[in-house]
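What follows draws every value from the coordinates through simple rules; no lab data is involved. Computed from a prediction, not measured in an experiment: that's the story for all the values here. Positions of Cβ are backbone-derived with ideal geometry, glycine not excepted, and every protein chain shown enters the neighbour counts.
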Ligand SMILES: Cc1cc2nc3c(=O)[nH]c(=O)nc-3n(C[C@H](O)[C@H](O)[C@H](O)COP(=O)(O)OP(=O)(O)OC[C@H]3O[C@@H](n4cnc5c(N)ncnc54)[C@H](O)[C@@H]3O)c2cc1C
């Protein structure tokens, strides 16, 4: 049987490029093998997969990887675990179509393909000494979890973190155990809301933007980071700007259909930017002039 995951040198994995920056070998598109060590069912539609790649894969919070289900296809996902965990990584996947449905059918012990990491990640140096507002909607909390755990690892570098998270209903909240612990961390405030409560729910009810009322942060200086479905990103960003956040201090994790992941094919362009290469993390100031950036 053909070896699905041949071993390659680090240089081959990064891609051999011509002087003009074009990828000149196909090796770079070959995934490495990763074993599914554990599967956590977060909600009926969302699962977190703990993966152990055969070769170490270092990433920065906000970067993404391409996961392959052999015989089905590949799709981009942002690791949701801390980059400080070197042996394993977690990805949190919402079931929406072909690849994600196939992923949800896999069992512990089965293998997937993994290539990357790609993209830029969050510029942590720019966050030093500042108050940080993180706003997540639905499965958009996945990349933000990786960021949050990264910030928590060196919490003394930052002034304060306010994490705001919204889901449709209490059943749609992900990382329930983690959330409880995060709220108890020093210098961290956690605000959670659901669009619609149920009989047991005693927390806030309302859209995630309602969590941005009564902010006590220094709006002109603090950093805001947003990730979620397009409609949530749009209204959250507009509200942040309305409140006084600068577009330069407002970071968005953008999603676009992508194919190569390496800035070669052009599938994922927003204006002049490749989401896969220049993003997926962008400052709002970079993309605000693009027509319909949130579509
Ligand atoms: C940089 C980046 C990071 C990402 N990180 C994550 C992550 O951490 N977790 C995660 O769950 N997803 C993430 N996504 C989205 C994920 O890549 C897509 O959900 C996936 O490609 C869908 O593939 P599919 O074959 O299952 O669906 P397809 O068969 O391609 O699509 C089926 C249908 O679902 C719709 N659809 C596709 N994507 C979405 C979506 N995101 N939400 C709702 N409807 C959709 C399509 O329009 C289509 O109608 C990320 C995307 C990008 C670009």
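Restricting to the chain, compute how many DSSP beta bridges are antiparallel as a %, nearest 5.
Rounded to the nearest five, the antiparallel share is 60 percent.
Kindly give the semi-axes, whole Å and largest first, of the ellipsoid equivalent to the chain, taking each as the square root of 5 times a Cα gyration tensor eigenvalue.
31, 23, 18
Assuming 0.36 nm per residue, please report the length gained on full extension of the stretch residue 105 to residue 58 beyond their Cα-Cα distance.
The residue 105-residue 58 span can extend by a further 14.2 nm.
For the peptides 263-273, 199-209, 69-79, what is the packing order when you average, over each peptide's residues, the other Cβ atoms within 10 Å and list the highest mean first?
69-79, 263-273, 199-209
Tell me, in nm to one decimal, what length is gained between residue 231 and residue 243 on full extension, where the rule is 0.36 nm per residue of separation less the Cα-Cα distance?
Answer, rounded to one decimal: 2.5 nm.
Ranked from highest to lowest mean number of other Cβ atoms within 10 Å per residue, what is the order of the peptides 147-153, 126-132, 48-54?
Highest to lowest by the protection proxy: 147-153, 48-54, 126-132.
Counting only C-alpha contacts under 8 Å and six or more residues apart, can you give the relative contact order of the chain as a whole percent?
15 percent
Pull out the extension gain between residue 40 and residue 126, defined as 0.36 nm times the separation in residues minus the alpha carbon to alpha carbon distance; nm, one decimal.
Computed gain between residue 40 and residue 126 is 27.6 nm.
Could you tell me the extents of segment 124-253's C-alpha atoms along the three principal axes, largest first, rounded to whole Å?
The Cα atoms of segment 124-253 stretch 42, 30, 24 Å along the principal axes, largest first.
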